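Novice: My questions all concern the structure below.
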Amino acid sequence: MVEHTIDNFRDSRSCASIMPERTLIHANVATSNLSALRFYESMGMAVSSDVIRNLYRTPISYGSKDAYLVAGVL
């Protein structure tokens, strides 16, 4: 879904003169989700923040997960 959205954005930007030349995109990724981090890196994005503590809540009442902000420019 992410790849499709980015591809559509790139295609529409190349067809319209009003679209910005460069656009920042970002996502939050759990620090434990290494496959998602690798995926976003393969899309040209990089970790752009320190760890965001307790961003995601878990079903366990005492649980939470930390995250990174990943960002890239199209």
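The values are calculated or read from the model by the stated rules, or taken from the named source; none is laboratory data. Just so it is clear, the model here is predicted, and its values are computed rather than measured. When we count neighbours, we look across all protein chains shown, and the Cβ atoms used for this are built from the backbone with ideal geometry, even at glycine.
Novice: Could you give every pair whose Cβ atoms fall below 8 Å, whose first residue belongs to the stretch 19-32 and is closer than 13 Å to residue 54 by Cβ, and whose second residue is at pLDDT 90 or above and assigned to a loop (DSSP other than H, G, I, E, B), counting only separations of at least 6 or pairs across chains?
Specialist: 31/51
Novice: May I pose another question? With the structure loaded, tell me whether residue 6 is of a type outside the set (Asp, Glu), surrounded by 15 or more Cβ atoms within 10 Å (Cβ to Cβ) and at pLDDT below 75 or whether it fails that test. Outline the logic, then answer.
Specialist: On the way: of a type outside the set (Asp, Glu): yes; surrounded by 15 or more Cβ atoms within 10 Å (Cβ to Cβ): yes; at pLDDT below 75: yes.
Yes, satisfied.
Novice: Here's another thing I want to ask about it. Return the total of residues in the stretch 28-41 being over 10 Å from the mean Cα position of the chain (by Cα) and at pLDDT 90 or above. Before the answer, list the steps.
Specialist: Going residue by residue through the stretch 28-41, those that are over 10 Å from the mean Cα position of the chain (by Cα) are 30-35, 38.
Filter once more, keeping what is at pLDDT 90 or above: 30-31, 33-35, 38.
Qualifying residue count for the region: 6.
Novice: Also: Is one or more of the residues making up the stretch 52-65 crowded, with 16+ Cβ neighbours inside 10 Å and under 12 Å from the mean Cα position of the chain (by Cα)?
Specialist: no
Novice: Just name the residue that is nearest to residue 2 (Cα to Cα) out of those in the stretch 33-74 that are touching a residue at least 12 places away in the same chain (Cβ under 8 Å), touching a Ser or Thr at 6+ places or on another chain (Cβ under 9 Å) and assigned to a loop (DSSP other than H, G, I, E, B).
Specialist: 74
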